[in-house]
1. Out of curiosity, is K94 outside the structural domain of V137 (by the TED database) and either open to solvent by 90 Å² or more (accessible area, probe 1.4 Å) or not charged (D, E, K, R) (or both)?
2. Exactly one of (1) open to solvent by 90 Å² or more (accessible area, probe 1.4 Å); (2) under 22 Å from the mean Cα position of the chain (by Cα) is unmet by W9. Its number?
3. Look at K161 and say whether it is in contact with a Gly (Cβ under 8 Å, 6 or more places away or on another chain) and open to solvent by 30 Å² or more (accessible area, probe 1.4 Å).
4. Those residues that are under 16 Å from M100 (Cβ atoms) and either open to solvent by 80 Å² or more (accessible area, probe 1.4 Å) or in contact with a Lys or Arg (Cβ under 8 Å, 6 or more places away or on another chain) (or both), I need them from segment 12-44; list them, please.
5. Take segment 47-77 and flag every residue that is loosely packed, with under 14 Cβ neighbours inside 10 Å, assigned to a loop (DSSP other than H, G, I, E, B) and not β-branched (V, I, T).
6. Taking M120 as meeting all but one of (1) open to solvent by less than 60 Å² (accessible area, probe 1.4 Å); (2) within 22 Å of Y41 (Cα to Cα), write down the number of the exception.
Amino acid sequence: MADQFEWPWQYNFPPFYTLQPNLDTRNKQLDAWCDLILSYYKNKKAYMLDVTEAMSSELFYNKKINRKLSKEALDTILEELNKKGNLEWEDKTKQRCHVMWRKPEEWAALIFKWIEDNSMTDTVCTLYELMSGDDTVNQEFHGIDMWMMKKALSVLESKGKAQMFEAPDATDESGLGVKFYN
């Protein structure tokens with residue numbers, strides 16, 4: 001279970017929920033919202049944001065002070081996360097997105113370090129073993145979702161450090177494997 005999340009002071013500050021007209025103030029506000037979303041998702045080990053569901057979640061609706069982020073404000077914040085490389089839309093309607101509280105390059109580095117530390121270069125693993133196996137329980141990438149794991153491994157593929165493949169008789173993603181190279 002994830003640790004109790006600590007809300008930043010802005011979360012209980014009513015103006016935080018209204019996009020500020022002053023450009024400098026708005027930029028600081030957007031940065032604070034981006035940091036809050038990334039911290040929240042990291043704490044919850046969550047990766048997917050559904051815009052409709054998010055509108056009524058505790059993240060964007062503080063019942064204690066009865067303040068809720070508008071759809072327009074949320075869209076602006078999500079676009080800012082997208083510009084920073086911490087968000088990728090799943091669809092053109094911008095209803096669901098992947099929140100990358102750690103970028104694929106960072107995940108790739110963590111995964112490859114673990115592979116090297118455990119002398120597993122030139123070996124084959126299933127993606128399931130990496131994401132959910134007993135050997136990775138204490139690793140930050142344990143429990144990572146499949147989409148993010150594939151993004152991270154694609155980074156390693158582009159550097160010639162890994163090659164993903166699918167077992168010929170696989171009927172789902174559990175048959176995905178990866179070989180790591182030095």
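The values are calculated or read from the model by the stated rules, or taken from the named source; none is laboratory data. From a predicted model like this one, the values you see are computed outputs, not experimental measurements. Every residue, glycine as well, gets a Cβ built from its backbone with ideal geometry; the counts of neighbours run over all protein chains shown. Note: areas computed on protein heavy atoms with side chains; ligands, DNA, RNA excluded. Shrake-Rupley method; radii C 1.70, N 1.55, O 1.52, S 1.80 Å.
1. Taking the combined requirement at face value, the residue does not satisfy it.
2. (2)
3. no
4. C34, D35, K42, K44
5. S56, S57, E58, K63, K64, N66, S70
6. Status for M120: all satisfied but (2).
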